[in-house]
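Every number in this text was worked out from the coordinates using simple rules, so none of it is lab data. Here the structure is a predicted model, which means the values were calculated and not measured. Backbone-built Cβ (ideal geometry, glycine too); neighbour counts: all protein chains shown.
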Amino acid sequence: MERRNEPDVVFQEVDRNNWKDMEKLFESRGGPKHCWCMVWRGTTGDRATKESRKAAMRRFVENNVPVGILGYVGGEPMAWCSVAPRPTYRDLGGLKDSGAEAENVWSIVCFFVSRQYRGHGMFKRLIGAAVEHAFQRGATVIEAYPVDPDSPSYRFMGFVSKFEECGFVKVGTAGSRRHVMRLTR
């Protein structure tokens with residue numbers, strides 16, 4: 001059943017051809033221009049300043065390291081989901097023994113939706129697009145680290161209930177707030 005007022009969205013992997021779109025979305029009003037989705041990536045030096053975070057993310061993209069997907073409405077970037085092979089991130093605190101090759105475990109760690117598109121079911125659509133993208137790229141396990149709705153932090157990683165609605169199951173915890181959830185192909 002289609003929801004009313006649900007925009008048509010096209011999802012694309014971030015690569016050097018659409019880096020400018022990522023830049024536009026991240027630097028838009030309310031965008032994640034301060035973190036550049038580097039909380040779980042790179043070195044301490046990469047994460048030192050807003051400028052170093054942006055430069056590090058650009059290096060990843062230019063070096064063909066998977067970083068995530070963008071959602072577009074009418075050709076304009078309006079949503080982001082960080083989804084990539086788990087080895088491309090720092091330690092996320094997920095399960096160590098996955099029963100799968102490390103490069104086949106992909107992690108979903110961050111979301112951003114432009115304010116005007118919030119409340120249109122975009123979060124679940126981003127999860128679905130991220131799952132499809134990861135499976136198409138060879139993932140056999142997809143791991144996420146969402147929090148409960150009353151969590152004072154890590155809300156950018158999503159909420160447990162939305163991942164449950166998308167078929168993910170709880171398999172552990174990471175730290176005091178994040179749940180580890182998995183979807184297996």
Report the Stokes-Einstein translational diffusion coefficient (µm² s⁻¹, integer) for the range 10-184, Rh taken as the Kirkwood radius over Cα pairs, at 4 °C with viscosity 1.567 mPa s. 80 µm²/s
Enumerate the calculated ³J(HN,Hα) couplings along the range 159-173 in order (Karplus 6.51 cos²θ - 1.76 cosθ + 1.60, θ = phi - 60°), each rounded to whole Hz, writing x wherever the residue is Gly or Pro. 10, 3, 4, 5, 5, 4, 4, 9, x, 6, 10, 6, 10, x, 10
Restricting the count to DSSP beta bridges whose residues both fall in the range 47-185, what percent are antiparallel, rounded to a multiple of 5? 80 percent
Cross-link candidates for Lys50: which aspartates and glutamates have Cα within less than 17 Å, leaving aside residues fewer than 8 places away along the same chain? Glu23, Glu27
Asserting the computed 222 nm helical MRE of the chain (DSSP H runs at least 4 long, -39500 (n - 2.57) per run, divided by residue count, to nearest 500) equals -7000 deg cm²/dmol
What is the distance in Å between the Cα centres of the range 47-113 and the range 144-185? 17 Å
Placing +1 on the Cβ of each Lys and Arg and -1 on the Cβ of each Asp and Glu in the range 1-154, which of Val147, Gln136, Gly42 has its Cα farthest towards the positive end of the resulting dipole? Gly42
